[in-house]
Amino acid sequence: MKRASRGGFTLIEVVLTAALLASVMGAALMVVQRGRGAMAQSHLHARAEARAQRALERVVAELRGAGIDALTPALNPNGHTSTSSVTFEPIVGVSGAAPVWGNPVRIALAPAPEDAADNRDNDADGLVDESVLMLTRNVGSASQASFLLCSQVSERAEGELPNGSDDNGNGLIDEAGFSIQRIGTMLTLRISVEEPGEGGTSTIASVVTSLTLRN
């Protein structure tokens, strides 16, 4: 007697095929999601890096008119320490052979007004205890005015912890998210800027530059 040929799939075959297809689709979806996440992080990092670069360019432009020994506080020329705030009188002209000094200018890192330094995200922007970099002209006078150079500056430099150690290996201990280091007549400027993303994620970008000042 001739046996009838099968015209379809058994229930077990259908279940196994569906399970295999779901597994393949799930793996593909994970790859796509990871790719999107990496692209998002890359975009955030680029934005943070661009803001950091612009801020340091502005700081360099301001400091070019300063004398290395006219900075307050006076910086250790051996590079062992750094500061996150500096005040100076820029050279605005020359009278005979003598420089003419302008009104004091201050560049300083300060806590963000809306986010107190209390280990909490008070302004709900996804960042904790971020700082702002400020430029203040005519320091101490009635016409004193402050301008924002950069927001969302990290409280500490990238990779640094407030533990009395040089965690990021740059020779400085517990440096802030913006710092100025002196070696001879050269200043090294560092800034770490954060960029918040979706779902509580964030990224940080750091930029370093140097300039040499006159004595």
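No lab work stands behind these numbers, since they all come straight from the coordinates. Since the structure is predicted, the reported quantities are computational estimates derived from the model, not experimental observations. FYI the Cβ positions are ideal-geometry reconstructions off the backbone, even for glycines, and counts take in every protein chain you see.
Here are some notes:
- Exposure proxy ranking for Phe178, Phe88, based on other Cβ atoms within 10 angstrom of each Cβ and starting from the fewest, stands as Phe88, Phe178.
- Pairwise label distance in nanometres, Val208 with Val92, each label 7 Å out on the Cα-Cβ vector: 3.6
- Charged-residue dipole, Cβ positions (Lys, Arg, Asp, Glu), the chain about Cα centre, Debye nearest 20: 1120
- Here each label is just a point 7 Å from Cα along the line to Cβ, and for Ser42 and Asp118 those points are 4.0 nm apart.
- At q = 0.16, 0.19, 0.20 Å⁻¹, base-10 log of I(q)/I(0) for region 69-215 (Debye sum, equal scatterers on each alpha carbon): -0.93, -1.20, -1.28
- DSSP-assigned coil residues among trypsin sites (Lys or Arg not before Pro) in region 109-208, each with at most 14 further Cβ atoms within 10 Å: Arg120
- Note on the chain: GNM, Cα springs under 10 Å; of Glu130, Glu62, Glu13, the largest mean-square fluctuation is that of Glu13.
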